[in-house]
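The values are calculated or read from the model by the stated rules, or taken from the named source; none is laboratory data. Computed from a predicted structure; not experimentally measured. Note that each Cβ is placed from the backbone with ideal geometry, even for glycine, and that neighbours are counted across all protein chains shown. Remember, those area values only see protein heavy atoms, side chains included, never the ligands or the DNA or RNA. Shrake-Rupley method; radii C 1.70, N 1.55, O 1.52, S 1.80 Å.
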Amino acid sequence: MANTILNVDGLHVGYRVYGGTLKVLDGIRLVMDAGEKIAVVGETGCGKTTTMKSIMGILPRQAVIRKGQINFKGRNLLTPGTEARGMRTIRPKGVSMVFQDPIAALNPVFTVGQQLSDVIKYSRGQTKQLSKQSVRDAAIEVLKLSALPDPERILTNYPFQLSGGMRQRVCIAMALSTAGDLLIADEPTTNLDVTIQDQVLRLIRNLVEEQGMSLALVTHSLGVARQMTDRIYIMYAGTMVEVAPTEGLFDKPFHPYTKGLLGSVPKLTGEGIGLGIPGRIPDYLKPPAGCRFYPRCEEALPECKDNKPELYDVGGGHRVACFLYR
Amino acid sequence: MPENILLINKLKKYFPTTERDRYVKAVDNVDLALKRGEILGVVGESGSGKSTIAYTVMGMYSPTSGQILFEGQDISCETSRRPMPVKKDLQIVFQDPGTSLNPQRNILQILELPLKVHRLADPDNTIRKVIELLEMVELSEEYLYKYPRALGGGERQLVAIARAMATGPKLMILDEPTSALDVSVQAKIVNTLIRLQSELGMSCLFITHDLSLMRNLAHRVAIMYLGKIMEVAPTQDFFERPLHPYTQMLLSSIPVISKEEETLKPDRITAHGEIPSPVDIPPGCRFHTRCTLAKDICFTQEPDAIQIGPNHSVSCHLFSED
C-alpha cells in the first residue's frame, strides 16, 4: 500500500533487569495510514509507552529490541545489532512526540524561549543558516498555533511559571515546530483536569487535521480514544488484543479484556459499575506461554494456556486476538 | 440525634503566602451538610479546595474561621485537641496508597495499629480481628505478612480502606481513592466501597474530579470551584438538570464511551480558560472569567446560593429572581 506511513511488525522488546529479562512487548503489530488518527489503549504497565519509544528510538539503555521491524515511510528503522544489546534504531525524521508529564519533559532551568529555539535551530537549521529573528518568529508562530495567549511573554517564562495546561501546550508547540508526518501523543492529558483536557485534545485534533499529520494517541481512557480517533488498538501485557474502527469497537467489543475494560468505565447514564477485571498484569519475567490474558480470562479455553492466538478477522476491519473467534 | 452527621458552616481556610496580607484562599465560605448514611460527592478541578475541606474536617488543619459540627459537636480544631471518640468515628482514605501505607510495616502491623490505639481488641484477639478486616475488603489471610510493596495499587488501596474501617467509623472521608488506579481496578474498589457503605450505614464524603464516577455512586453531588460550592443537588436531578454554567462546562468536557451518554451532555457550553489563582480571586462571581453567559452583575456582585428545587441549590445570578 502506498499510503502506509508506519508499519510495525512482530516487535519484541525486553528490559534487562536483575534476574533476567522482562519480556514486555510480544510481537506487536501496528499499521498506520497517512493522515489516520489511531489510539493505543491499555492499562498501566501494558507496554504502550514502550511501543511508542521504540518507534521514536528513545528507549532507555537497558531495553533490548530482540526482533521485529519498524517501517516508517518505507524505510526500515531497525538495523541488526549485537546479541546482547539487541537491534539498533535509526531515529526517524518527521516524527515528534508529546510526553505525559510536561514538567519532566521541559527543562526547569531554561526559559521556554531558549528550549523552543533549540528545537527549531536543530530541526530546521540543518539545511540552512537561520537568523536569530527568524528562529524567534518561528517560535512565536508555533506558540500561537498552540492557542497560547501572549506568546512573547511566554518565551521569557520558565516552565514553573506556567500552569499545567499551558505547559502541555508548550510541549505541543515544541512537537509542532518540527512538524512532520506523525505526532505521537503519550497520555498528553492524564495529569490535566477535564475542562483543560477537553481544550488540549481539541487543540491536538485541530492541529493534526490542519497540518495533515497522522496521530498516534496513547491513553488509558477509552472515552478520550473514542473522541479523538478513527481506529483503536487495545493492548494488554505487551500484545495487541483487538484492533477495530472506533465505532465498531464501542458497538461490539469482542475480546474478553476489551469487554471487561468497557464494563469498568463509570457511565453518565448511571447504570452502575461493572465488576472490573480480577487479578493483575502478569509478571514479565515469566509471562504466560499462551495468551497473556489467559490467567485473568473468564472465558478461557484449554488451548489458550499454551498457544498464542493470532489476530483473527471478524469483519468490518475488526480483528481480535482470541481463540473464541477463530 | 441530629439529622446531619456533619455540618460545615461558613468554613474558611486561608494559607499565608510569602507576601504580607495576601492569602491563598483555598476554602472560602463553604456551607455543606452531610446526612446520616449518605454518600456526598464533592467534585471540582485541581486547586478548587476539595482536599482542603477534607483535611480540615479531619483536623489536619484548623479552620481560619467557620465551624465544623460532627453529630452536633464542634470539632473546629486540630486533631491533637479532639477527644478520642471523635477520632475513632472519623476516618480518611488518601489518594495514593503507595505513600499512605508505611513501607516498613507489613499488613498485619498496619491494620493492628488503629485497633491498639483505640483499644478495640484484646492482644490475643488482634490477629483474628485483622483477618476479619481483610475479609471485609475481600482480601485473603495470605496478605497478613506481606509488605505494601508486594501489593498492586488496587490491593494497597483495599488495605488502606480496611485500615480506615478498623475503628468502625461513622463518617469516612475518601480523598480521590481511585484516581491513581486503572478503571478495571477502580471498579473493584468502588463496588467494595458501595457494599461496605450500605452494609454498615456509614456516611461518606467522597472527593473526586470524576463526575461519571459520582453518577454511579453518590446520593448527592456538590460542585466546587475556587474554594466555593457552586451547585449542590441530588445525583439524579444533578445530571438531568445541571444548572450552573460551570457544571455544564464540566459535563460537556467528559469523554464518554456511548451514544446514550453523548445525549446526556449539555452541548451549549464548551470549555475554555483555566482556573484562576486562589490568591487573586476574581471579584463578583468567581467563575465570570470563564463563563460564556456572564452578565454585568456577575463582574461586581458575588451570587448567593439560590434554592431551585428540593435540595437543589445553585450560586449563579442567572437564577436569581430579578
Of B:Lys50/B:Lys295; B:Lys13/B:Lys50; A:Lys23/A:Lys53; B:Lys25/B:Lys228, pairs whose Cα-Cα distance is over 20 Å = B:Lys50/B:Lys295
Just subtract the alpha-carbon distance of B:Ile306 and B:Arg22 from 0.36 nm times their residue separation and send over the number in nm, one decimal.
-> 99.3 nm
Return one number: the angle in degrees, 0 to 90 and rounded to the nearest 10, between the long axis of the Cα atoms of helix B:183-200 and the longest principal axis of the Cα atoms of chain B.
-> 80 degrees
Quick one: go through the stretch A:206-233 and flag any residue whose amide nitrogen is under 15 Å from the point 7 Å out along the Cα-to-Cβ line of A:Glu247.
-> A:226-232
Taking H placed 1.01 Å from N in the peptide plane, check which residues at least 5 places from B:Val27 or on another chain put their amide H under 5 Å from its amide H.
-> B:Lys13
Which of the trypsin sites (Lys or Arg not before Pro) across the stretch A:1-81 are loop residues per DSSP, with 10 or fewer other Cβ within 10 Å?
-> A:Arg61
As a percent rounded to 5, the proportion of antiparallel DSSP bridges among beta bridges in the protein assembly as shown is 60 percent
Go ahead and run the numbers for FRET between A:Asp283 and B:Asp296, Cβ-Cβ distance against an R0 of 51 Å, rounding to 0.05.
-> 0.20
Roughly what would the spin-label model give for A:Arg66 and A:Thr111, points 7 Å off Cα along C-beta, in nm?
-> 5.0 nm
Partner chain coverage, peptide A:249-257 - average Cβ within 10 angstrom | 1
What does the accessible area of B:His288 come to, in Å² to the nearest 10, when a probe of 1.4 Å is used?
-> 20 Å²
Shielding by partners for B:213-219, please: the mean number of other protein chain Cβ atoms within 10 Å of each residue's Cβ.
-> 4
In order through the stretch A:135-144: 3J(HN,Hα) via Karplus (6.51 cos²θ - 1.76 cosθ + 1.60), integer Hz, x for Gly, Pro = 5, 4, 4, 5, 4, 4, 4, 5, 5, 5
Nearest 0.05, what FRET efficiency do B:Glu260 and A:Arg326 give at R0 = 25 Å with Cβ-Cβ as r?
-> 0.20
Dipole moment magnitude, nearest 20 debye, the protein assembly as shown about Cα centre, only Lys, Arg, Asp, Glu C-beta charged = 2100 debye
B:Thr126-B:Asn106 pseudo-label distance in nm [points 7 Å out on the Cα-to-Cβ vector] = 1.3 nm
Angle in degrees between helix A:164-177 and the longest Cα principal axis of chain A, rounded to the nearest 10 | 80 degrees
Taking all protein chains as present, what is the carbon and sulfur share of the accessible area of chain A, in % to the nearest whole number, probe 1.4 Å?
-> 51 percent
Extension gain from B:Arg241 to B:Leu113, taking 0.36 nm per residue of separation minus the Cα-Cα distance | 41.5 nm
Relative contact order computed over the stretch A:106-179 (Cα-Cα under 8 Å; 6+ residues apart), in percent = 47 percent
Residue-averaged 222 nm ellipticity for the protein assembly as shown, from DSSP H runs of 4+ at -39500 (n - 2.57), nearest 500 | -9000 deg cm²/dmol
Calculate the mean, over all residues of peptide A:186-198, of how many other protein chain Cβ atoms lie within 10 angstrom of the residue's Cβ.
-> 5
Report the FRET efficiency, 1/(1 + (r/R0)^6), for B:Ile194 and A:Ser134, where r is their Cβ-Cβ distance and R0 is 60 Å, rounded to 0.05.
-> 0.50
Rounded to the nearest 10, the angle in degrees between the Cα long axis of helix B:126-136 and the longest principal axis of the Cα atoms of chain B comes to 40 degrees
Residue-level accessible surface for B:Thr126, protein heavy atoms, 1.4 Å, Å² | 10 Å²
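Test of the criteria: in the stretch B:244-322, which trypsin sites (Lys or Arg not before Pro) are in a DSSP loop and have at most 15 other Cβ atoms within 10 angstrom of their Cβ?
Filter output for the stretch B:244-322: B:Arg268, B:Lys295.
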Under the definition of Cα pairs under 8 Å and six or more residues apart, what whole-number percent is the relative contact order of chain A?
-> 19 percent
From the backbone phi of the stretch B:90-104, what are the Karplus-calculated ³J(HN,Hα) couplings (6.51 cos²θ - 1.76 cosθ + 1.60, θ = phi - 60°) in whole Hz, Gly and Pro given as x?
-> 10, 9, 9, 10, 8, 5, 9, x, x, 10, 8, 10, 5, x, 8
Given labels modelled 7 Å from the Cα in the Cβ direction, how far is it in nm from A:Asp101 to A:Lys305?
-> 4.1 nm
